[in-house]
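All of the numbers you see were taken from the coordinates with simple rules; none came from a lab. This structure is a prediction, so every number in the text was calculated from the model and none was measured. With ideal geometry, Cβ positions are generated from the backbone for all residues, glycine too; neighbour counts draw on all protein chains shown.
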Amino acid sequence: MVRRYGKYRKRRFKKVRRRPMRRYRRSRGKTTSRVVVLTTDRNWFFINNTNENLHEAYRFTVHDMPGFIDYQTVYSHFRILKAKIVISTQYADSKVQGQTSYLIVGSRPFAATNMPLTRYPAYDSYWVPYVTEDELRQARWQRMHYPSTTTQAISATFYPYTLVGTLGPAYLEKDVFFQRIWEAKKWMPFCWAWNPKTPNSDSTGLSFFGPYMVRNIANATGVTLPNAVTAQLKVRLQFKGQK
């Protein structure tokens, strides 16, 4: 055993001081709301009525969704965290039910490479282009969906986006308008969504875009199906900035 010479060091314990309890706790006011879920039913014309070889991306607005405008009385900004569409696949011809499958393709790469606008306002195809089935099948991000045998529906989750004007090259041979993608998960003022209660307003509301869809039929001989489907839209939003 090691012998120790000298005195042992006296241990000192830290004294715990009791702080007087505050009667009222100070808390910073939080202006960000919880996640709000809004739903609505819409008809999606995923095939162009003029040219059936072209497919249109899913497009929606939020100002006409039930309950969205009510939040404008309290908050000043909003954002869309995520969206989900549930597409009904029930048709009058029962033979087609088990023969159809649906290809979902994201539209963001097509919108990013679209040409600048030559005029404003422009048609929807100038923002997010109408594309053919061959172009969609060559996309990198694609997924095949098969309808459920019980619900006769498919679902697709996506992150919406919109397009905003931006600056481009200064010296051009022709005046054009450049645009870029704006993610819907970023905060946006309510004035972007347009308030339909405002009188004498010529705006139609800010449009958000989703994926493309291609319908596949195993035996398509003599089968005619509509170019539109009924889709239920579920949007997860968040609000901030109390007035």
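Can you tell me the relative contact order of region 36-242? Whole percent, Cα pairs under 8 Å, sequence separation 6 or more.
Values: 392 pairs, mean separation 93.4, N = 207.
Computed value for region 36-242: 45 percent relative contact order.
Rounded to the nearest 0.05, what FRET efficiency do ALA218 and LEU81 give with R0 = 45 Å and r taken as the Cβ-Cβ distance? Could you check? Write out the running numbers ahead of the final one.
Numbers: r = 37 Å, r/R0 = 0.82.
Efficiency, from the Cβ-Cβ distance: 0.75.
Quick check on the exposure proxy: order LYS185, LYS10 from fewest to most C-beta atoms within 10 angstrom. All intermediate terms of the calculation are to be shown ahead of the outcome.
Values: LYS185 15, LYS10 5.
Exposure proxy ranking, most exposed first: LYS10, LYS185.
Which whole-Hz couplings ³J(HN,Hα) result when phi for each residue of region 229-238 is put into the Karplus expression 6.51 cos²θ - 1.76 cosθ + 1.60, θ = phi - 60°, listed in order with x for Gly and Pro?
10, 8, 10, 9, 9, 10, 10, 9, 10, 8
First check a/c for region 36-242, with a ≥ b ≥ c the square roots of the eigenvalues of its C-alpha gyration tensor; if it is under 1.5, answer rounded, and if not, answer prolate when a/b is larger than b/c or oblate otherwise.
Details: a/c = 2.13, a/b = 1.32, b/c = 1.61.
The shape class here is oblate.
Can you order the peptides 206-213, 158-165 by their average number of other Cβ atoms within 10 Å per residue, highest first?
Values: 206-213: 21.9, 158-165: 17.8.
Averaged packing, sorted descending, gives the order 206-213, 158-165.
With a 10 Å Cβ neighbour count serving as the proxy for reagent exposure, in which order, fewest first, do THR73, THR89, THR32 appear? The partial results should precede the final answer.
Values: THR73 8, THR89 20, THR32 13.
If I rank by nearby Cβ atoms, fewest first, I get THR73, THR32, THR89.
Work out the length of the dipole vector of region 124-188 about its Cα centre, built from +1 on the beta-carbon of each Lys and Arg and -1 on the beta-carbon of each Asp and Glu, and round it to the nearest 20 debye.
Working: 7 positive and 7 negative charges, 73 e Å.
Dipole of region 124-188, to the nearest 20 debye: 340 debye.
Report, in debye and to the nearest 20, how large the dipole of region 36-242 comes out about its Cα centre when Lys and Arg carry +1 and Asp and Glu carry -1 on their Cβ. Walk me through the numbers before you get to the answer.
Values: 20 positive and 14 negative charges, 157 e Å.
Computed charge dipole of region 36-242: roughly 760 debye.
Starting from the Cα gyration tensor of region 122-188, take the square roots of the eigenvalues, sort them a ≥ b ≥ c, and report rounded, prolate or oblate (rounded when a/c is under 1.5, otherwise prolate if a/b is larger than b/c, else oblate). Numbers along the way, then the final one.
Numbers: a/c = 3.27, a/b = 1.98, b/c = 1.65.
Taking the square roots of the gyration eigenvalues as a ≥ b ≥ c, region 122-188 is prolate.
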